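Participant: Mind looking over this structure? Questions follow.
The values are calculated or read from the model by the stated rules, or taken from the named source; none is laboratory data. This one's a predicted model, so the numbers in the text were calculated from it and none came from an experiment. Here the Cβ positions follow ideal geometry from the backbone for every residue, glycine too, while neighbour counts run over all protein chains shown.
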Amino acid sequence: MEDFFTSITPKRNFNTSSTPPSPNYNSLDFWSAHPDKSSYATLQPDTKTKNSHEVDCFYVHPTGFYLKEWNAPLDLENSAYDRVDLTLATQASAYSSGCNIYAPHYRQATYAAIATNQADNSLKALNLAYEDIKNAFDYYLKNFNQDKPFILASHSQGSLHCQRLISEKAFKNIFKSRMIAAYLIGYPLEKKLLIDNHYKASDFPIETGCIIQFCTVGVGASSLSLGGIKKRLKYWKFNGESYALDEINDLASTNPVSWGRSQDWSVVPKDSFIMPRVTGKSVYFNFSAVNRTSPKITEIKFAADQNIDIRLRDDGLLESKGSSIERILKRDITGNRDLHIWDYQLFWGQLRENSQKRIKEFLKNNG
């Protein structure tokens, strides 16, 4: 397992002179999803999406870069772009039936930078990635948003950066007045960050202006590895000034059935868990692949087995059980029982339905 991290960790220290060129968000090449270009974000298992909506979604994708450079180059032929397409199909699509999707490409930190402690190298790689997200959001507000309400959505590394984004003083008034909700899924979110920035976690299904976060594990998981091979004691977090490695203290988590913080077991309704149908050779799990192969994601569909129960544990992790979960965990070679990469797919239908409810409530109260 240590060999895996050795194989993906850059050997040279971070150096600003060798970072990839910065994105130009005036060009659609630097948006993985945008209303003016075709993308997998519009896939739906049972309906067709409209061409235009009253509401936007600004979506930040998770880590899809595993090569031995600190930050991903914004190269259309890079293997990371195939993984971004997969997350558009299985994550951003949950919001596309009610929102115009804007999803920037960014110089994401390589997986080793966020999954392990690479000290100053991790910090600098994450900071560079965040600067792109901040610039993309600013460009989106000034050029695309046109004062529309919006949802902020993300996963994993994307959620870490969005925690920092909602803390930016320059955007505070916009978040407070126009953000319907923020679905910052799949990365530990401390209650302190919400309190310090005057946000609150979701308490009920149609609440607006709130933050939704959960990290999914199977029964018996001892901790959260965020899809990694080894158990973790500390995580990169935004401390109000920069990123720092720290332990989890008090998670602000939401149950994606009750949309509150109840610790009772909940049955996940049918037509929630989705799976993509992919044709052609893929590099999704070939972490040494440099170039993309551009497989086709022909559809997303509801899984045949939809047997899932969930509850929030005392430590704030979202515990799950049922035949759907056990089927997934049979392939868990790490033994960690971490369902990080399934956070969106398991609750896709719930996220779609709930985001539409919050949109309706926001528009009713702010028409």
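Participant: Considering only residues that are among the aliphatic types (A, V, I, L, M) and crowded, with 24+ Cβ neighbours inside 10 Å, which ones fall in segment 49-79?
Facilitator: Just the residues of segment 49-79 that are among the aliphatic types (A, V, I, L, M), to begin with: 55, 60, 67, 72, 74, 76.
Selection gives V60, A72.
Participant: While we're looking at this one, here's another question. With the structure loaded, tell me whether T42 is at pLDDT below 95 and surrounded by 16 or more Cβ atoms within 10 Å (Cβ to Cβ) or whether it fails that test. Explain how you work it out, then say what you get.
Facilitator: Details: at pLDDT below 95: no; surrounded by 16 or more Cβ atoms within 10 Å (Cβ to Cβ): yes.
No; evaluated as a whole, the condition is false for this residue.
Participant: Regarding Y59, is this residue of a type outside the set (D, E, K, R) and touching an Asp or Glu at 6+ places or on another chain (Cβ under 7 Å)? Steps first, answer last, please.
Facilitator: Values: of a type outside the set (D, E, K, R): yes; touching an Asp or Glu at 6+ places or on another chain (Cβ under 7 Å): no.
When the stated conditions are applied, Y59 does not pass them.
Participant: Kindly establish whether D85 is among the acidic types (D, E), in contact with a strand residue (DSSP E or B) (Cβ under 8 Å, 6 or more places away or on another chain), closer than 18 Å to T293 by Cβ and in contact (Cβ under 8 Å) with a residue 12 or more places away in the chain.
Facilitator: Details: among the acidic types (D, E): yes; in contact with a strand residue (DSSP E or B) (Cβ under 8 Å, 6 or more places away or on another chain): yes; closer than 18 Å to T293 by Cβ: yes; in contact (Cβ under 8 Å) with a residue 12 or more places away in the chain: yes.
Taking the combined requirement at face value, the residue satisfies it.
Participant: Among the residues of segment 49-67, are any more than 20 Å from F287 (Cβ to Cβ), modelled with pLDDT under 95 and hydroxyl-bearing (S, T, Y)?
Facilitator: Within segment 49-67 (the criterion being more than 20 Å from F287 (Cβ to Cβ), modelled with pLDDT under 95 and hydroxyl-bearing (S, T, Y)), the answer is yes, since at least one residue qualifies.
Rundown of residues vs (1) under 19 Å from the mean Cα position of the chain (by Cα); (2) closer than 26 Å to M275 by Cα, yes/no style:
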residue: A41; (1), (2): yes, yes
residue: H53; (1), (2): no, yes
residue: D56; (1), (2): yes, yes
residue: V60; (1), (2): yes, yes
residue: N121; (1), (2): no, no
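Participant: Right, next: Residue check, S93 against (1) farther than 28 Å from K234 by Cα; (2) out of contact with any helix residue (DSSP H, G or I) (no Cβ under 6 Å at 6 or more places or on another chain), all met but one. Which one?
Facilitator: If we test S93 against (1) farther than 28 Å from K234 by Cα; (2) out of contact with any helix residue (DSSP H, G or I) (no Cβ under 6 Å at 6 or more places or on another chain), just (2) comes out false.
Participant: Here are some conditions: (1) closer than 23 Å to I211 by Cβ; (2) without any contact (Cβ under 8 Å) to a residue 40 or more places away in the chain. K281 meets all but one. Which one does it not meet?
Facilitator: If we test K281 against (1) closer than 23 Å to I211 by Cβ; (2) without any contact (Cβ under 8 Å) to a residue 40 or more places away in the chain, just (1) comes out false.
Participant: Among the residues of segment 108-128, is any of a type in the set (S, T, N, Q), in contact with a Leu (Cβ under 9 Å, 6 or more places away or on another chain) and at pLDDT below 95?
Facilitator: Yes, because at least one residue in segment 108-128 is of a type in the set (S, T, N, Q), in contact with a Leu (Cβ under 9 Å, 6 or more places away or on another chain) and at pLDDT below 95.
Participant: What tally of residues in segment 110-129 results from selecting those that are without any contact (Cβ under 8 Å) to a residue 60 or more places away in the chain and within 13 Å of R164 (Cβ to Cβ)?
Facilitator: Residues in segment 110-129 being without any contact (Cβ under 8 Å) to a residue 60 or more places away in the chain and within 13 Å of R164 (Cβ to Cβ): 1 in total.
Participant: Further, regarding this structure: Can you confirm whether V257 is in contact with an Asp or Glu (Cβ under 8 Å, 6 or more places away or on another chain), at negative phi, assigned to a loop (DSSP other than H, G, I, E, B) and among the hydrophobic types (A, V, I, L, M, F, W, C)?
Facilitator: no
Participant: Conditions: (1) more than 17 Å from the chain's Cα centre (by Cα); (2) surrounded by 14 or more Cβ atoms within 10 Å (Cβ to Cβ). T279 meets all but one. Number of the miss?
Facilitator: Just one mismatch for T279, condition (2).
Participant: Got at least one residue in segment 315-324 being surrounded by 20 or more Cβ atoms within 10 Å (Cβ to Cβ), over 27 Å from T49 (Cα atoms) and touching a Cys at 6+ places or on another chain (Cβ under 7 Å)?
Facilitator: Yes: one or more hits.
Participant: Somewhere in segment 252-269, is a residue of a type in the set (F, W, Y), in contact with a Phe, Trp or Tyr (Cβ under 7 Å, 6 or more places away or on another chain) and at pLDDT below 95?
Facilitator: Of all residues in segment 252-269, those of a type in the set (F, W, Y) come to 259, 265.
Remaining after also requiring in contact with a Phe, Trp or Tyr (Cβ under 7 Å, 6 or more places away or on another chain): 259.
Now narrow it down to the ones that are at pLDDT below 95: none.
The answer is no; no qualifying residue exists.
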